[in-house]
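Right, one structure below, let's go through it.
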Amino acid sequence: GESVGLHLPTLSVQEGDNSIINCAYSNSASDYFIWYKQESGKGPQFIIDIRSNMDKRQGQRVTVLLNKTVKHLSLQIAATQPGDSAVYFCAEISYGNKLVFGAGTILRVKS
Amino acid sequence: EPEVTQTPSHQVTQMGQEVILRCVPISNHLYFYWYRQILGQKVEFLVSFYNNEISEKSEIFDDQFSVERPDGSNFTLKIRSTKLEDSAMYFCASSVRGTGNQPQHFGDGTRLSIL
């Protein structure tokens, strides 16, 4: 039968290891990017953002890298913990204030 | 930490009925948004609202949809005559400013089920 919905990529990591979640964005005119974390039954939770005039930004245990040449965004999580298990979305804004979300990546942390 | 709150958490409605979803944005935020997420699909933008006016809307946001800020704290999304395909999670969000360098903060959503 026909499949519906998205088949999200899954990243499985061992607790304590570093995680890298990747995102390819579509619009070269996008100038602001956000990573969100979504746990089951909850809304997207802001993690970190970056503007297009930067290529790296660090937060607490998280780093976002932006490569505008290849339209690629990544989220690095250091020392991944079980509480980091969730779906991670990148989102972009190219004009106005409309967020365009990516499909998401499931992060599973094994203890 | 201030947060966006949404009520109800789950709404079950008969097809053709009107439904109102409610949101209380973060108190010092000036821009408000509605997004939806159909099960298994991406989060999609519906509408943004500032200064008591719609500032941007998507093609999903047709004449069946309306938004309102009836008082100083609430922000509502009304669907006039619901259809089966309106079943989704509806997320409210708010931001301090509407320029493209301010994060939007989301509520935990209302699950709308149309029967």
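The values are calculated or read from the model by the stated rules, or taken from the named source; none is laboratory data. Note that the structure is predicted; figures quoted are calculated from it, not measured. No Cβ is skipped: glycine too gets one built from the backbone with ideal geometry, and neighbour counts run over all protein chains shown. The protein model used for the area step is the full one, side chains on, heavy atoms only, and it has no ligands, DNA or RNA in it. Shrake-Rupley method; radii C 1.70, N 1.55, O 1.52, S 1.80 Å.
With a requirement of 3 or more residues that are within 24 Å of A:A103 (Cα to Cα) and within 13 Å of another protein chain (Cβ to nearest Cβ), the strands (runs of 3 or more DSSP E) lying completely within region B:1-108 that satisfy it span B:31-37, B:43-50, B:88-95. Taking A:I20, is it under 14 Å from the mean Cα position of the chain (by Cα) and more than 30 Å from A:S111 (Cα to Cα)? Considered against the rule, which asks whether it is under 14 Å from the mean Cα position of the chain (by Cα) and more than 30 Å from A:S111 (Cα to Cα), A:I20 comes out as no. All conditions in (1) more than 16 Å from B:P103 (Cα to Cα); (2) under 13 Å from the mean Cα position of the chain (by Cα) hold for A:V13, with the sole exception of (2).
Residue-by-condition table, conditions (1) loosely packed, with under 15 Cβ neighbours inside 10 Å; (2) within 11 Å of chain B (Cβ to nearest Cβ):
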{"site": "A:S26", "(1), (2)": "yes, no"}
{"site": "A:Q38", "(1), (2)": "no, yes"}
{"site": "A:I47", "(1), (2)": "no, yes"}
{"site": "A:S52", "(1), (2)": "no, yes"}
{"site": "A:T63", "(1), (2)": "no, no"}
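Here are some residues: A:G96, A:G59. Which one is within 27 Å of B:L30 (Cα to Cα) and within 11 Å of another protein chain (Cβ to nearest Cβ)? The unique qualifying residue is A:G96. Counting only strands (runs of 3 or more DSSP E) wholly contained in region A:10-96, the ones carrying 1 or more residues that are of a type in the set (K, R) occupy A:32-38, A:45-51, A:56-58. Taken over region B:23-53, residues that are farther than 20 Å from B:S9 by Cβ, of a type in the set (A, V, I, L, M, F, W, C) and under 12 Å from the mean Cα position of the chain (by Cα) amount to 3. Of the residues making up region A:99-111, those that are within 14 Å of chain B (Cβ to nearest Cβ) and open to solvent by 30 Å² or more (accessible area, probe 1.4 Å) are A:V100, A:A103, A:I106. Among the conditions (1) open to solvent by less than 20 Å² (accessible area, probe 1.4 Å); (2) under 19 Å from B:E44 (Cα atoms); (3) more than 7 Å from chain B (Cβ to nearest Cβ), A:S74 misses just one, which is (2).
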